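Down below is the structure, laid out as structure tokens.
The values are calculated or read from the model by the stated rules, or taken from the named source; none is laboratory data. None of these values were measured; they are calculated from a predicted model. We place every Cβ from the backbone using ideal geometry, glycine too, and count neighbours over all the protein chains shown.
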Amino acid sequence: MLHTVNKSPFERNTLDSCLRLSAKGSAILLIEDGVIAAMKGTVQSAKIEGALADHSVFVLGPDLKARGLAEDNVIDGVKVVDYAGFVDLAVEHGAHNAWL
Amino acid sequence: MAEYQFDTEGVKKTFTFMNRKAPYGTVYALEVLETVLISAAFEQHANIVFADDGVYQLKSGHDTTEINMKNFSPTFGIIEMEKEDADEDDDIDMVWRIIVEKESMEARGLTEDDFKVEVEVLSAAELAELIDSSDCVISG
């Protein structure tokens, strides 16, 4: 299953709920304001750093770029994908759970 | 104009409906509820899940007269009836479950007695497996 999170962890509990209720081995893609969770050195970074033990984690490049967030500052182990990569993830993982 | 035919005969999937928002403040709760009812028309399996502030949707005693909004909580009574029909009638091949996440319920100081309908309480770990095993997740 592919989980997407589109809210900032500073504003909502969406990421927390996704991490609590997603099965081990499922993929997580951070999109829209959700990309903020992928940044190194914030008080929220530990959430994604911890999630990498059980999940593959991706972040949508165009949403980073739009917000002036550098790929170099993305947490190690999180993969940056473009829209085509998003489509590949959706195809590969079957069902999609959009955490809102 | 082309006429589209959808062959849904015999198609049976398990839908998980994720209710994570409190009622009335936003339209999410009502919109998910509508999709639940649509799935009944197509005789699909449904896990109707309440987590985070979504657990407040099931709270008994909603009275919206003073906020000028429709109280949609009676619809949960319909869902419960639909579930009971599906459970009891062998001709209806449809399994419906009404599920509350234990952690969300307890975090809000609620118990099963606070709810309008009978629910199954599952831990986050149990719920994660259930979500993962469903064919389609509709979230709100």
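Per-structure values
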read-out	value
Residue list for region B:45-71, filter: more than 13 Å from the chain's Cα centre (by Cα) and of a type outside the set (Ser, Thr, Tyr)	B:Asp52, B:Asp53, B:Lys59, B:Gly61, B:His62, B:Asp63, B:Glu66, B:Ile67, B:Asn68, B:Met69, B:Lys70, B:Asn71
Those residues of region B:100-113 which are surrounded by fewer than 16 Cβ atoms within 10 Å (Cβ to Cβ) and away from chain A (no Cβ under 14 Å), in sequence order	B:Gly109, B:Thr111, B:Glu112, B:Asp113
Residue that is at pLDDT 95 or above, out of contact with any Cys (no Cβ under 8 Å at 6 or more places or on another chain) and either closer than 23 Å to B:Leu30 by Cα or hydrophobic (A, V, I, L, M, F, W, C) (or both), where the choices are B:Glu112, B:Glu106	B:Glu112
Exclusive hit being part of a loop (DSSP other than H, G, I, E, B), among the small types (Gly, Ala, Ser) and either crowded, with 21+ Cβ neighbours inside 10 Å or free of Cβ contacts under 8 Å to residues at least 60 places away in the same chain (or both), set A:Ala37, A:Ala23	A:Ala23
Restricting region A:6-20 to residues that are assigned to a loop (DSSP other than H, G, I, E, B) and more than 16 Å from A:Gly68 (Cα to Cα), the residue that is nearest to the other protein chains (Cβ to nearest Cβ)	A:Asn13
Positions within region A:21-32 being on the phi < 0 side of the Ramachandran plot and within 11 Å of chain B (Cβ to nearest Cβ), in sequence order	A:Leu21, A:Ser22, A:Ala23, A:Lys24, A:Ser26
Test: B:Val119 is of a type in the set (Val, Ile, Thr) and away from chain A (no Cβ under 14 Å)	yes
Failed criterion for A:Ile28 (all others in (1) in contact with a His (Cβ under 9 Å, 6 or more places away or on another chain); (2) among the β-branched types (Val, Ile, Thr); (3) part of a helix (DSSP H, G or I) hold)	(3)
Selection within region A:83-100 - outside any helix (DSSP H, G or I) and exposed (fewer than 12 other Cβ atoms within 10 Å of the Cβ)	A:Gly94
Test result for B:Gly109, on the phi < 0 side of the Ramachandran plot and not aliphatic (A, V, I, L, M)	no
